[in-house]
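Worksheet: one structure, shown below.
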Amino acid sequence: MAEDIEKVKCLIIGSGPAGYTAAIYAARANMEPVLYQGSQPGGQLTTTNEVENFPGYPEGVTGPEMMLQLQAQAERFETDVRNGWVTKVDFSGDIHKVWVNDTKEIHADTVIISTGASAKYLGLESEQKYLKLGGGVSACAVCDGFFYRNQEVVIVGAGDSACEEAHYLSKLCKKVTMLVRRDEFRASKIMEARVRNTENIEILFNTETDEVLGDGQVVNGVRVFNNKTNEKHDIPATGFFVAIGHKPNTDIFKDYLDLDETGYIINVPGTSKTNVEGVFVSGDAADHVYRQAVTAAGTGCMAALDAERYLAAKDSTFEVSTSTYN
């Protein structure tokens with residue numbers, strides 16, 4: 001039997017930099033936010049061993065440590081951080097209805113979506129092993145490329161993002177080997193030309209990954225095979241980058257919110273607003289371009305401010321707090 005319906009001013013779906021930042025701003029604006037962390041509390045950054053490009057951490061910080069600090073900051077302002085994940089929503093009426101774990105029903109004046117996007121991986125056992133160990137597997141060259149300066153790396157992918165990441169890595173690494181599954185790129189001609197004309201990028205067509213090699217702690221090579229001849233060979237590498245796309249975690253919203261062809265939530269340009277009044281989006285659930293912790297945090301701030309103004313416009317007794325902007 002469903003639990004009693006709970007009514008809240010601001011419900012934040014998802015954690016990570018976007019969700020926690022939205023919570024900090026919403027709490028300081030007396031919106032009494034309730035945040036559900038989701039199936040992966042802290043989001044993608046909890047799988048990142050070192051974060052060195054987030055402002056304010058001159059010595060760097062681990063992803064899990066940063067998320068614990070952001071959660072603690074949100075809780076300091078009395079954000080109600082809860083375990084559990086949203087399994088269903090109904091945004092068809094004036095009341096924003098949300099169900100948690102298929103049982104608890106919540107009616108929210110405002111909803112901030114911070115469910116993020118999940119990087120796609122090949123699914124190899126060896127790939128997942130070194131990903132979990134933080135020992136050389138990554139889906140973000142901008143995040144982790146610095147750690148492979150003057151080293152040799154392998155990147156998988158054939159689209160614009162893969163070309164862009166390969167070119168980025170080429171500026172840092174001694175050699176970049178690019179594995180393309182077919183006999184041609186999926187990328188635009190200009191991006192293809194960029195990698196083809198980069199001296200330290202080697203492109204292997206009709207080539208797939210057989211196994212990520214390592215010493216049990218860190219990656220030291222990649223075994224590949226030609227899918228035309230089945231011939232295998234090993235490539236020395238200390239880093240293995242996967243650039244085959246991301247899947248936004250937005251399936252439960254597709255009946256109510258406008259999504260693009262790959263599932264990212266479409267926001268009103270320059271705002272966090274969606275096509276449903278009172279529902280806002282932040283972080284990688286809408287951002288398929290930058291996908292950085294700092295940009296996610298920025299949009300979390302935007303979502304909280306937009307939600308606060310929405311409440312103030314609806315209810316003259318709810319005043320926009322000047323402390324929000326300090």
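The values are calculated or read from the model by the stated rules, or taken from the named source; none is laboratory data. In this text the structure is predicted, and so the values were computed from the model without any measurement. So basically every Cβ, Gly included, is an ideal-geometry build from the backbone, and we count neighbours across all protein chains shown. The area values use the complete protein model at the heavy-atom level, side chains included, leaving out ligands, DNA and RNA. Shrake-Rupley method; radii C 1.70, N 1.55, O 1.52, S 1.80 Å.
Computed packing ranks the peptides 19-30, 60-71 as 19-30, 60-71, most packed first, by mean other Cβ atoms within 10 Å. The alpha carbons of region 122-243 occupy a box of 39, 34, 21 Å along the principal axes, longest dimension given first.
In region 81-122, Cα pairs under 8 Å separated by at least six residues give a relative contact order of 27 percent. Bridgeable aspartates and glutamates around Lys120 (alpha carbons under 19 Å apart, same-chain partners fewer than 8 residues away excluded): Asp144, Asp160, Glu164, Glu165, Glu208, Asp210, Glu211, Asp251, Asp260, Glu261, Asp284, Asp287.
For region 53-204, the share of DSSP beta bridges that are antiparallel, to the nearest 5, is 50%.
Can you pull the percent of Cα pairs in region 264-307 with separation above 11 Å? Above the 11 Å cut-off, region 264-307 has 60 percent of its Cα pairs.
Sorting Glu261, Glu277 on solvent-accessible area from highest to lowest, probe radius 1.4 Å, gives Glu261, Glu277. Sequence-distant contacts, meaning Cα pairs under 8 Å at least 6 residues apart, place the relative contact order of the chain at 21 percent.
Computed as a quarter of the hull surface, the mean projected area of the alpha carbon convex hull for region 58-189 stands at 13.1 nm².
Which one of Ile244, Ala307, Ala27 is farthest out on the positive end of the charge dipole of the chain, using unit charges on Cβ (Lys, Arg +1; Asp, Glu -1) and the Cα centre as origin? So the residue furthest toward the plus end is Ile244. The alpha carbon convex hull volume per residue for region 173-326 rounds to 202 Å³. Left without a cysteine partner by the 4.7 Å Cβ rule in the chain: Cys10, Cys163, Cys173, Cys301.
Counting Cα-Cα pairs of region 219-272 in 10 Å increments starting at 0 gives whole-percent bin shares of 18, 27, 18, 21, 17, 0. The average projected area of region 1-134, computed from the convex hull of its Cα atoms over all directions, is 10.1 nm². Bridge orientation summary for the chain: considering DSSP beta bridges with both residues in this region, about 45 percent are antiparallel. Packing order of peptides 167-179, 281-293, 264-276, highest average first: 281-293, 167-179, 264-276 (average count of other Cβ atoms within 10 Å over each peptide's residues). Of all DSSP beta bridges confined to region 122-243, the antiparallel ones make up roughly 45%.
Could you work out how far helix 160-170 tilts from the main Cα principal axis of the chain, as a 0 to 90 degree angle to the nearest 10? With both axes taken from Cα atoms, the answer is about 60 degrees.
Taking the average, over residues, of other Cβ atoms within 10 Å as the packing measure, peptides 121-130, 50-59 rank 121-130, 50-59 from highest down.
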